[in-house]
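The values are calculated or read from the model by the stated rules, or taken from the named source; none is laboratory data. All values reported here derive from a predicted model rather than from experimental measurement. Every residue, glycine among them, receives a Cβ derived from its backbone with ideal geometry; neighbour counts consider all protein chains shown. Areas reflect the complete protein model, heavy atoms only, side chains present, ligands, DNA and RNA absent. Shrake-Rupley method; radii C 1.70, N 1.55, O 1.52, S 1.80 Å.
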Number of protein chains: 2
Amino acid sequence: MQYPDPIAKLIDSYMKLPGIGSKTATRLAFFTIDMNKEDVETFARSLTAAKNDLHYCSICGNITDEDPCAICKDPSRDHKTILVVEQPKDVMSIDRSGDYHGLYHVLHGVLSPIDGRGPEDLNISSLLQRLKDDAAVGEVIVATNATPEGEATAQYLARLIKPAGIKVTRLAHGLAVGSDIEYADQMTLLKAVEGRTEL
Amino acid sequence: MQYPDPIAKLIDSYMKLPGIGSKTATRLAFFTIDMNKEDVETFARSLTAAKNDLHYCSICGNITDEDPCAICKDPSRDHKTILVVEQPKDVMSIDRSGDYHGLYHVLHGVLSPIDGRGPEDLNISSLLQRLKDDAAVGEVIVATNATPEGEATAQYLARLIKPAGIKVTRLAHGLAVGSDIEYADQMTLLKAVEGRTEL
């Protein structure tokens with residue numbers, strides 16, 4: 001016996017999401033059937049709306065429903081600093097911390113020769129164009145992840161941008177706040193010692 | 001800064017699903033934006049279809065897109081046996097095992113005085129009606145879960161059905177196939193010893 005067609009199709013759709021296997025998809029599908037009708041319709045509408053109404057900001061590459069995005073056109077932000085991240089969701093993570101008020105630039109990935117991803121596959125040329133067009137920018141903060149690929153991308157960007165006389169910085173590496181030294185990995189401890197600050 | 005409206009709404013919708021918190025919902029929403037358009041549209045359509053096209057079979061209470069359901073109207077199945085389960089998804093689990101070829105009846109829950117769920121809240125009266133209408137039924141297998149509520153519901157059904165001269169059985173309790181005695185809980189071991197079979 002097979003599931004009725006509408007359930008089977010819904011299970012298939014749920015299984016396309018990351019981290020959701022057939023058991024979870026089945027559970028979600030049966031849950032959906034018991035949800036109230038309005039919630040299901042809102043869900044269906046938000047799916048298509050998210051796909052159709054969102055695009056990348058032509059300036060910074062962040063995901064937005066207007067162009068330029070809310071951050072790029074906000075006059076109250078510090079337009080002299082650009083923070084470079086790998087993915088749109090990183091913008092939100094950093095902006096939530098509440099301490100950074102400059103602009104962003106989203107690369108949509110990192111350099112990864114092993115996956116065949118070179119500079120031309122990333123949103124790098126538009127960053128360089130931005131720096132060329134706007135002489136006011138004084139600092140580029142490279143906030144790629146602390147992975148080998150993230151580091152390599154940061155080094156690559158620094159080499160491109162520094163000659164233009166713009167300061168290029170990198171997020172600090174060290175112990176996460178609230179973490180135990182006992183459980184920190186060796187690389188993190190090495191970076192924490194290297195980057196020690198005076199009290 | 002807030003997420004653009006379409007993302008925020010999609011995150012809210014994902015968060016309505018069981019076991020999905022705000023971090024996972026955000027990850028799923030960003031994943032959805034990068035999915036291909038056709039898959040997203042299929043997903044949206046299957047959501048509304050699953051909600052609109054499915055209902056409960058008027059005979060057995062299973063979820064179906066036709067009435068009576070495919071199982072109830074299948075003449076090749078053994079119409080003399082009815083297996084009673086708590087939820088529609090249990091039907092599929094048992095049917096997949098491939099050994100049972102009778103009919104089903106879905107209670108949509110178990111008796112649970114603590115939650116105020118009595119016999120009238122379950123799909124019990126239609127089961128009794130079914131047994132009354134169809135004199136051919138010779139056995140009712142109660143396959144409610146091996147929880148206190150499932151046990152109580154099984155006992156309750158047995159007391160209702162047995163007087164009509166119909167055999168009422170319960171799924172065997174014991175060690176799961178492939179499991180270690182070392183890790184089995186006491187109740188399971190007790191049931192396994194009680195229900196021992198001769199070799």
> Looking at region B:98-126, which of its residues are within 24 Å of residue A:23 (Cβ to Cβ), within 11 Å of chain A (Cβ to nearest Cβ) and over 11 Å from the mean Cα position of the chain (by Cα)?
Replying inline: B:98, B:100
>> Give me the residue from region A:21-33 that is over 25 Å from residue B:5 (Cβ atoms) and among the hydrophobic types (A, V, I, L, M, F, W, C) and, out of that set, surrounded by the most Cβ atoms within 10 Å (Cβ to Cβ).
In response: A:29
> Among the residues of region B:59-75, which ones are open to solvent by 10 Å² or more (accessible area, probe 1.4 Å) and free of Cβ contacts under 8 Å to residues at least 12 places away in the same chain?
Replying inline: B:66, B:68, B:70, B:73, B:74, B:75
>> Please verify whether residue B:33 is more than 17 Å from residue A:43 (Cα to Cα) and aliphatic (A, V, I, L, M), treating the condition exactly as stated.
In response: no
> Somewhere in region B:86-104, is a residue buried (at least 20 other Cβ atoms within 10 Å of the Cβ) and more than 23 Å from residue A:6 (Cα to Cα)?
Replying inline: no
> Any idea which of (1) within 27 Å of the chain's Cα centre (by Cα); (2) at the interface with another protein chain (Cβ under 9 Å from one of its Cβ atoms); (3) of a type in the set (Val, Ile, Thr) is the one residue A:26 doesn't satisfy?
Replying inline: (1)
> Considering region B:39-54 alone, what residues qualify as being more than 7 Å from chain A (Cβ to nearest Cβ) and either modelled with pLDDT of 95 or more or surrounded by 14 or more Cβ atoms within 10 Å (Cβ to Cβ) (or both)?
Replying inline: B:45
> Quick one: in region A:115-165, which of the residues that are in contact with a Gly (Cβ under 8 Å, 6 or more places away or on another chain) and free of Cβ contacts under 8 Å to residues at least 40 places away in the same chain is farthest from residue A:75 (Cα to Cα)?
Replying inline: A:117
> Can you name the condition, by its number, that residue B:36 falls short on among (1) surrounded by 14 or more Cβ atoms within 10 Å (Cβ to Cβ); (2) more than 8 Å from every other protein chain (Cβ to nearest Cβ)?
Replying inline: (1)
> Taking the stated definitions as given, is residue A:168 assigned to a loop (DSSP other than H, G, I, E, B) and touching a residue at least 24 places away in the same chain (Cβ under 8 Å)?
Replying inline: no
